[in-house]
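Enquirer: Sharing a structure, written as structure tokens. Questions coming.
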Amino acid sequence: MNMLRVLVILCNIISLIRVGAESPYRFFHWHVTYGDIFPLGVKQRGILINGQFPGPELFCVTNDNVVINVYNHLDEPFLLSWNGIQQRRNSYEDGVYGTTCPIPPGKNFTYRMQLKDQIGSFFYFPSLYFHKAAGGYGPIRVLSRPKIPVPFPPPDGDYTVLIGDWYAADHKSLKSVLDHGRMLHCPDAILINGHKTASSFTVEQGKTYRLRISNVGLQNSLNFKIVGHKMKLVEVEGTHTIQNTYSSLDVHVGQSLSVLVTADQAPQDYYIIVSSLFTNDLLSSTAILHYNNSHKRVPARPPSVRNRRVLWSLYQAHSIRTNLTASGPRPNPQGSYHYGQIPVNRTIMIINSENHVNGKLRYGINNVSFVPADTPLKLADYFNIQGVFGIGSIPDYQDDQAFHLGTSVMSADYREFVEIVFENHDPVTQSYHLDGYSFFVVGLDRGPWTPALRDKYNLEDAIPRCTTQVYPNSWTAVYVALDNVGMWNLRSEIWARQYLGQQFYLRVYTPVISLRNELSIPDNVLLCGRAAGREIPRPPGILQRDDNEDEEQT
């Protein structure tokens, strides 16, 4: 009996320790509305969050539980997605139509997600229709836990810099152009934090600042430069990098990175120049780096910029490597994961294509142009609703099938280690993103890919990231460990191409039902399409998630 009492006391103590050690919660209430904005000096209708364009910063620390109540005051359904946030075991919260029902007009939905084992700079954006062309985006900043060392001294300031191309036309007009089977014209301008020329960043001479730069645009790769200053690259989408110094950096659509800039020049104002890459018509916009003891304003005209060549950008991309001596979100070096020594189970070839279907322009992957189903794919999978999609409805490589429309879903097994090769036959730079993961960019080069090129892969310190560029008539190869069960969107970040079908879903599956593999369907899940009105089974005594439970290692 005494032993039983001791066991009960020990269990209670352990329970108290676990409750006390639970990761913190951060609560946000976001109201999504239309509002007047003036990014190009004339009034446009924008999508605002809490009255802001760009939207408010989502600020948190590794492993925080984030609860975001989103109220949709628009006249059409709305969704937010979280570019680069991996949603470990929880694709229900990913915020794309393949996983999440849209928030109806006049309604709200609460996202509940944990920023599990992640650090770094990311952004959120509206994923439905062509809302991204009206705003609705904002920065995400995930700080390391206090006990995890960061491989550079704390900066004296930390600035977010959202850059991206922009159209003067209303987002509904742009969507109509695409719906009628035509491609959009070139963007009209580039914005820096929502302005073409009005943004400024104040610094103090002799101090060092972190700039978190994200390309939130629709189409163009961009070059970022601060006149007279060098930039030290320190982080790319959650990975600490070898700290190379650059005079300018290329940031492709959907990508994020962090640099350190020291205010070590004469006390005056300096231009920040953001310009388009590889375009016939060069676009550029400016902001100001303002020394607080400045004695001189910038010249009336900024210095001219050149349209960088692909080979120059390719050389820079090869120089971006992982800092193997730096700690990651956990207290173990990122370099302890020896991805280059793991046998590859499977190779997937992703080849972008375009064609006309019923007289309308469409884009596809491996000759399949994605068409959204009437029900989110994740919900159809959960409720076993037949006829919504077919597993394996897109091949691992482009075969002889004709270009066609389809709700394309690729099957993958949990814990497969996969090589994905993106091959771009177009004369424009592509950009691809995979939700739910970071992948190792092991190789990229000009020309067609062949198996012999594996001998040139970087198998030691390739940079892990969630979005990679594929240069014109070039290839990019990545390795990814499929250790995150769920339904995950792989898409072009060129938003018109994504909208016109250049995407598919990767169904990472295991037959073993366990909270260690995948979290339960949320109790507040929205149900729509053929899932509407269904009852979510709740097994008696179901285990609750443990927010501090470490994931198994591959």
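Here is a yes/no grid of residues against (1) of a type in the set (A, V, I, L, M); (2) buried (at least 23 other Cβ atoms within 10 Å of the Cβ); (3) closer than 20 Å to Ile213 by Cα:
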position	(1), (2), (3)
Thr100	no, yes, no
Pro105	no, no, no
Tyr124	no, yes, yes
Tyr129	no, no, no
Pro146	no, no, no
Pro155	no, no, yes
Asp158	no, no, yes
Ala168	yes, no, no
Lys172	no, no, no
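Enquirer: Hey, can you tell me all the residues within the stretch 436-481 that are part of a loop (DSSP other than H, G, I, E, B) and either farther than 22 Å from Gly84 by Cβ or without any contact (Cβ under 8 Å) to a residue 40 or more places away in the chain (or both)?
Expert: Listed by number, the residues that qualify are Gly447, Pro448, Trp449, Thr450, Tyr457, Leu459, Glu460, Pro472, Asn473.
Enquirer: Count, please, the residues in the stretch 37-76 that happen to be within 15 Å of Tyr124 (Cβ to Cβ), open to solvent by 10 Å² or more (accessible area, probe 1.4 Å) and among the aliphatic types (A, V, I, L, M).
Expert: Summing the residues that are within 15 Å of Tyr124 (Cβ to Cβ), open to solvent by 10 Å² or more (accessible area, probe 1.4 Å) and among the aliphatic types (A, V, I, L, M) in the stretch 37-76 gives 2.
Enquirer: Just to be sure, is Thr325 open to solvent by 20 Å² or more (accessible area, probe 1.4 Å) and not charged (D, E, K, R)?
Expert: The answer is yes for Thr325.
Enquirer: Also, quick follow-up: Looking for whichever is open to solvent by 30 Å² or more (accessible area, probe 1.4 Å), acidic (Asp, Glu) and modelled with pLDDT under 95 here; the options are Asp281, Asp188, Asp264, Asp179. Which one fits?
Expert: Answer to the check: Asp281.
Enquirer: Another question, if that's okay. With respect to Asn355, determine if the residue is open to solvent by less than 60 Å² (accessible area, probe 1.4 Å) and out of contact with any Pro (no Cβ under 6 Å at 6 or more places or on another chain).
Expert: Here the answer is no, as Asn355 does not meet what is asked.
Enquirer: Within the stretch 261-283, track down each residue that is in a strand (DSSP E or B) and polar (S, T, N, Q).
Expert: Correct list: Thr262, Ser275, Ser276.
Enquirer: Just give me the residues in the stretch 390-413 being outside any strand (DSSP E or B) and without any contact (Cβ under 8 Å) to a residue 24 or more places away in the chain, in sequence order.
Expert: Within the stretch 390-413, Gly392, Asp400 qualify.
Enquirer: Another question about this same structure. Which of the residues that make up the stretch 482-503 are in contact with a helix residue (DSSP H, G or I) (Cβ under 7 Å, 6 or more places away or on another chain), open to solvent by less than 10 Å² (accessible area, probe 1.4 Å) and either among the hydroxyl-bearing types (Ser, Thr, Tyr) or not in a helix (DSSP H, G or I) (or both)?
Expert: Gly486, Met487, Trp488, Arg491, Ser492, Leu500
Enquirer: Restricting the search to the stretch 103-119, which residues are part of a strand (DSSP E or B) and more than 23 Å from Gln498 (Cβ to Cβ)?
Expert: Asn108, Thr110, Arg112, Gln114
Enquirer: Which of the numbered conditions does Leu515 fail, given that it passes all the others? Conditions: (1) open to solvent by less than 30 Å² (accessible area, probe 1.4 Å); (2) over 27 Å from Phe403 (Cα atoms); (3) not polar (S, T, N, Q).
Expert: For Leu515, the failing item is (1).
Enquirer: Checking the condition touching a strand residue (DSSP E or B) at 6+ places or on another chain (Cβ under 7 Å), in contact (Cβ under 8 Å) with a residue 12 or more places away in the chain, within 26 Å of Asn220 (Cβ to Cβ) and polar (S, T, N, Q), which residue from Ser275, Ser327, Ser319, Ser294 passes?
Expert: Ser275 is the lone residue from the list that is touching a strand residue (DSSP E or B) at 6+ places or on another chain (Cβ under 7 Å), in contact (Cβ under 8 Å) with a residue 12 or more places away in the chain, within 26 Å of Asn220 (Cβ to Cβ) and polar (S, T, N, Q).
Enquirer: All but one of (1) surrounded by 23 or more Cβ atoms within 10 Å (Cβ to Cβ); (2) hydroxyl-bearing (Ser, Thr, Tyr); (3) farther than 23 Å from Tyr97 by Cβ hold for Ser474, so report the exception by its number.
Expert: The one condition Ser474 does not meet is (1).
Enquirer: May I pose another question? Looking only at the stretch 141-151, decide whether some residue is under 20 Å from Val32 (Cβ atoms) and in contact with a Gly (Cβ under 8 Å, 6 or more places away or on another chain).
Expert: So far as the stretch 141-151 goes, no, none of its residues is under 20 Å from Val32 (Cβ atoms) and in contact with a Gly (Cβ under 8 Å, 6 or more places away or on another chain).
Enquirer: Condition check: assigned to a strand (DSSP E or B) and either of a type in the set (Asp, Glu) or surrounded by fewer than 17 Cβ atoms within 10 Å (Cβ to Cβ) (or both). Does Thr286 satisfy that?
Expert: Considered against the rule, which asks whether it is assigned to a strand (DSSP E or B) and either of a type in the set (Asp, Glu) or surrounded by fewer than 17 Cβ atoms within 10 Å (Cβ to Cβ) (or both), Thr286 comes out as no.
Enquirer: Counting only residues that are outside any strand (DSSP E or B) and open to solvent by 10 Å² or more (accessible area, probe 1.4 Å), which one in the stretch 238-252 is nearest to Pro155 (Cα to Cα)?
Expert: Gln243
Enquirer: For the stretch 128-226, list the strands (runs of 3 or more DSSP E) that sit wholly inside it and hold at least 1 residues that are of a type in the set (D, E, K, R); which are they?
Expert: Answer list for the stretch 128-226: 138-143, 157-166, 208-215, 222-226.
Enquirer: Then there is this: Out of all the residues in the stretch 6-25, which are open to solvent by 70 Å² or more (accessible area, probe 1.4 Å) and modelled with pLDDT of 70 or more?
Expert: Glu22, Pro24, Tyr25
Enquirer: Next up: More than 23 Å from His318 (Cβ to Cβ), among the hydroxyl-bearing types (Ser, Thr, Tyr), touching a helix residue (DSSP H, G or I) at 6+ places or on another chain (Cβ under 9 Å) and at pLDDT 95 or above: which single residue out of Tyr246, Tyr167 fits that description?
Expert: Sole residue among the options that is more than 23 Å from His318 (Cβ to Cβ), among the hydroxyl-bearing types (Ser, Thr, Tyr), touching a helix residue (DSSP H, G or I) at 6+ places or on another chain (Cβ under 9 Å) and at pLDDT 95 or above: Tyr167.
Enquirer: Does Ile68 satisfy the condition of being within 19 Å of the chain's Cα centre (by Cα), farther than 26 Å from Phe201 by Cα and in a strand (DSSP E or B)?
Expert: In short, yes.
Enquirer: Give the residue that is surrounded by the fewest Cβ atoms within 10 Å (Cβ to Cβ), with candidates limited to residues of the stretch 414-435 that are within 18 Å of the chain's Cα centre (by Cα) and assigned to a loop (DSSP other than H, G, I, E, B).
Expert: Thr429
Enquirer: In the stretch 376-385, is there at least one residue being assigned to a loop (DSSP other than H, G, I, E, B) and either acidic (Asp, Glu) or surrounded by 19 or more Cβ atoms within 10 Å (Cβ to Cβ) (or both)?
Expert: Among the residues of the stretch 376-385, at least one is assigned to a loop (DSSP other than H, G, I, E, B) and either acidic (Asp, Glu) or surrounded by 19 or more Cβ atoms within 10 Å (Cβ to Cβ) (or both), which makes the answer yes.
The values are calculated or read from the model by the stated rules, or taken from the named source; none is laboratory data. A quick note: this is a predicted structure, and the numbers were derived from the prediction, not measured. Ideal geometry is used to build each Cβ from the backbone, glycine not excepted, and the neighbour counts take in all protein chains shown. Surface areas here come from the heavy atoms of the whole protein model, side chains and all, with no ligands, DNA or RNA. Shrake-Rupley method; radii C 1.70, N 1.55, O 1.52, S 1.80 Å.
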